[in-house]
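The values are calculated or read from the model by the stated rules, or taken from the named source; none is laboratory data. A quick note: this is a predicted structure, and the numbers were derived from the prediction, not measured. Note that each Cβ is placed from the backbone with ideal geometry, even for glycine, and that neighbours are counted across all protein chains shown.
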Amino acid sequence: MRSENLRPRPEDFDYDLKTALSSVVSLSTHIPDDAMTADVLGTERMGNGVVIREGIVVTIGYLVTEAQTVWISSGDMIVPGHVLGYDQATGFGLVQALGKLNLPPLPLGNSDQVKIGDPVVMAGGGGLESAIAAHVVAKQEFAGYWEYLLDEAIFTAPAHPHWGGAGLISAKGELLGIGSLQVEHSDPNGESFDLNMVVPINLLKPILDDLMSIGRAKRAPRPWLGLYTAEIDNQIIVAGIATNGPADSSAIEVGDIIIGVDGNEVGDLASFFRSVWGLGAAGVDVTLDVVREGRIFEVTIPSADRSELLKGPIVH
């Protein structure tokens, strides 16, 4: 941890902070070299997770996507784990410990009740030395370049340096969310500082039993294009194309500007994703209006279910 003065003080909390922090574990995973996500996310991934039921750990999905080997550690204890499932829409991943953890589950809080300014603890595996005292600084929409959208993510500061899968713990000692990203923010004075983006735990509750039983949420999969896009000056720019994804065999190219979906104008990532998803379930043809070197033309991409292209525990 960067500085001891960022550590939460047990005497400042009405719950047993040490016990709550013991629910947070470290995770390490190995992904096959030929996995679809290996080039982007690597084959060796490390992060955190939180015990929420006996032997069940919730984490951020990118740590366990396509993982064939999982290790869960806490102090001197290391046990193997098995990926139960992950959900592309929310970003959650679920791991089953294959050995006895002997760690207390952290109760789930109500992330809808979180308010800006609320004191929280952002905790990685490793106890007090891996936790920081933080505050909620924003609750707002978040769009990720990998075709990902949250209607209301939680943002906290100061940022935890090992945010992936870290647990966001409320002033009541309950789990409010799981750390996903570190993002840079600029205040009105032009000063920049880092925030953590946290996936709210309420998004897990409706799909938790599905992930545990069948490895995915019981909902129609969203259409996936395999595009990495950036929002620059109110324009949607194609910044990359997923290898062997649906767009990889289409006419679209890096540098193209997307201005519409199925004839409807889009100007930001959120409207772009919602327009694509609004066309139907995975497998639907998606027609994009594209600008390249001043020329406007259409590109039609047969969408796919992203989970179908991933190695892993998904049961169909």
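Some observations on this one:
- Filter result for the condition that a residue is under 26 Å from Ala220 (Cα atoms) and modelled with pLDDT of 95 or more, over Asp87, Asp16: Asp87
- Screening Val95 against (1) over 18 Å from Lys311 (Cβ atoms); (2) surrounded by 23 or more Cβ atoms within 10 Å (Cβ to Cβ) leaves a single unmet condition, (1).
- Of all the criteria given as (1) in the same structural domain as Gly173 (by TED's automatic domain parsing); (2) buried (at least 19 other Cβ atoms within 10 Å of the Cβ); (3) of a type in the set (Val, Ile, Thr), the one not satisfied by Val183 is (2).
- Condition broken by Gly81, with the remaining ones in (1) under 29 Å from Leu6 (Cα atoms); (2) surrounded by 15 or more Cβ atoms within 10 Å (Cβ to Cβ) satisfied: (1)
- Index of the failed condition, Ile252 passing every other in (1) at pLDDT 95 or above; (2) surrounded by fewer than 14 Cβ atoms within 10 Å (Cβ to Cβ); (3) not acidic (Asp, Glu): (2)
- Taking the listed residues Gly85, Gly55, Gly75, the one that is in the same structural domain as Asp209 (by TED's automatic domain parsing) and under 19 Å from the mean Cα position of the chain (by Cα) is Gly85, with no other qualifying.
- Those residues of region 186-233 which are surrounded by 14 or more Cβ atoms within 10 Å (Cβ to Cβ), among the charged types (D, E, K, R) and not in a loop (DSSP other than H, G, I, E, B), in sequence order: Asp194, Asp210, Glu231
- Among residues of region 37-51 being among the aliphatic types (A, V, I, L, M) and buried (at least 21 other Cβ atoms within 10 Å of the Cβ), the one that is nearest to the chain's Cα centre (by Cα) is Val50.
- Residues in region 88-120 that are part of a strand (DSSP E or B) and within 18 Å of the chain's Cα centre (by Cα): 5 in all.
- Residue in region 207-230 that is at negative phi, more than 23 Å from the chain's Cα centre (by Cα), hydroxyl-bearing (Ser, Thr, Tyr) and modelled with pLDDT of 95 or more present: no
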